[in-house]
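Structure first, commentary second.
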Amino acid sequence: MTIVDQTAEEARSAVAAAVESPDPAASTDRVASHLHPRPSFAVEDHPLPTGREEIWRFTPLKRLRGVLEPAASDPDAVSVEVSAPAGVQVGRLAQDQAPRGAALVPGDRAAAVASAGTEQALHLRVPAELLLDEPVRVSVTGTGGRSNAHTVLEAGAFSRVTFVLEHHGSGVHAGNLEVIVGEGATVKVVSIQDWADDAVHVGQHEAAVGRDAHYSHTAVSFGGNVVRLNANAHYDGPGGEAVLLGLYFADAGQHLEHRLFVDHNAPRTVSNVDYKGALQGVDAHTVWIGDVLIRKVAEGIETYESNRNLVLTDGCRAWSVPNLEIETGEIAGAGHASTTGRFDDEQLFYLRSRGIDEGEARRLVVHGFFADIIRKIGIPSVEGQLLEAVEAELAVNVGIPLGTGSTRTGSSDRSS
């Protein structure tokens, strides 16, 4: 046995080297763990999953219809409509053409397949200091085939833009969204997954949030047979803020999976994650995996993540897993919460005691459940569209009695 004499400083350095995450300045070394394997553009660096991997164990791999196999987009598999206000530059980026790849490095096989299968990415550039009141809109409509997509939204310093990405129709779609938020810019993204019942959609949305910038991402998933979306954010400087919101409504047989990752790799940054979901019908499945990494360098940050699920009928399953990875105690606050349960009996009793029938009372409770996130979108036309979508979902079978069963409540933890 060899005994090595170390000074206190040497010992601290050795421990720091063992626990500190890879250098955040190197894009491909942002993080590597069981929750986040090392990112890479090469599809072969992401082995075809077996279902035993931590990042794939909730996903029904047999229902993905080959979307994890590299393939070119079928001719006319999707139609894409772009609507951009004056001043927005619309173009294309090759796979090795900047700024493509500046924010997004594929974190799983689905994102790598989407990137490799898109020779020319859609590039939407908002020049510095341009303040847009009208949203930039991209509508993707599938016609039943296989498609890949990669979109780059670049917002210059001190600009302001709202971006709405909508998905409709049928097909098998691998789609990435890369968002570059310049210094002091304000970027709001709304991604709507309202596919037909047979559609499969996988992909990664990644944002690099600049110094003192504000980024908001709202994921809305109602349609599709299987939807699996990663929404991530990291920081290019101190003072940035990332708000990740979401709402989803799963019907019988649907699998809706949302995975969130916020990498606090800069000091004095802020993040807030708030996702809400409802489930109804036999074999309705939802998955929410949230993870916040607070690196050693990220002193003075503040973060909170929350996921709440409302079970409307028997036969549903909701998985909810919040995670916090903390490498420094010099933070303003950090915490997480997760709950899954049935209707609040007191809310139903209150409404019914005022002459409201059970079906209408349930409808009002669900509307209240989703309303606060819908109101945060700030686009009246989109808010109205989502309220109509919630009404359509409720019309399916929300009036069915819940039956008997216990309420399951997840963990709640907060430290500051």
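The values are calculated or read from the model by the stated rules, or taken from the named source; none is laboratory data. Note that the structure is a prediction, hence the values are computed from the model and not measured. As a convention, Cβ positions derive from the backbone with ideal geometry for all residues, glycine included, and neighbour counts pool all protein chains shown. Just so you know, the surface numbers come from the protein's heavy atoms only, side chains and all, with ligands and any DNA or RNA stripped out. Shrake-Rupley method; radii C 1.70, N 1.55, O 1.52, S 1.80 Å.
Structure above, values below:
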{"quantity": "Some residue of the stretch 301-319 being under 19 Å from Val243 (Cα atoms), open to solvent by less than 40 Å² (accessible area, probe 1.4 Å) and not in a strand (DSSP E or B)", "calculated": "yes"}
{"quantity": "Residues being under 16 Å from Ala185 (Cβ atoms) and part of a strand (DSSP E or B) - total across the stretch 75-97", "calculated": "1"}
{"quantity": "Count of the stretch 369-397 residues which are closer than 21 Å to Tyr275 by Cβ, of a type in the set (A, V, I, L, M, F, W, C) and surrounded by fewer than 13 Cβ atoms within 10 Å (Cβ to Cβ)", "calculated": "1"}
{"quantity": "Residue match in the stretch 94-108 (condition: open to solvent by 20 Å² or more (accessible area, probe 1.4 Å), farther than 21 Å from Ala199 by Cα, small (Gly, Ala, Ser) and without any contact (Cβ under 8 Å) to a residue 60 or more places away in the chain)", "calculated": "yes"}
{"quantity": "Residue selected from the stretch 335-344 under the condition of a type outside the set (A, V, I, L, M, F, W, C) and closer than 14 Å to Arg363 by Cα, by the criterion modelled with the highest pLDDT", "calculated": "Arg342"}
{"quantity": "Ser320 being under 26 Å from Ile192 (Cα atoms) and without any contact (Cβ under 8 Å) to a residue 40 or more places away in the chain", "calculated": "no"}
{"quantity": "Check on Ala42, at pLDDT 75 or above, loosely packed, with under 11 Cβ neighbours inside 10 Å and closer than 30 Å to Ala157 by Cβ", "calculated": "no"}
{"quantity": "Members of the stretch 197-215 that are in a loop (DSSP other than H, G, I, E, B) and open to solvent by 10 Å² or more (accessible area, probe 1.4 Å)", "calculated": "Asp197, Asp198, Arg211, Asp212"}
{"quantity": "Selection from the stretch 278-297 of residues that are within 21 Å of Leu310 (Cα to Cα) and of a type in the set (Val, Ile, Thr)", "calculated": "Val282, Thr286, Val287, Ile289"}
{"quantity": "Candidate set: the stretch 345-359, residues that are surrounded by fewer than 17 Cβ atoms within 10 Å (Cβ to Cβ) and either touching a helix residue (DSSP H, G or I) at 6+ places or on another chain (Cβ under 8 Å) or among the aliphatic types (A, V, I, L, M) (or both); chosen: the one modelled with the lowest pLDDT", "calculated": "Gln347"}
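To keep it simple, each residue is scored yes or no on (1) within 16 Å of Pro39 (Cα to Cα); (2) assigned to a strand (DSSP E or B).
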residue: Pro99; (1), (2): no, no
residue: Leu104; (1), (2): yes, no
residue: Ala110; (1), (2): yes, no
residue: Leu124; (1), (2): no, yes
residue: Arg137; (1), (2): no, yes
residue: Arg146; (1), (2): no, yes
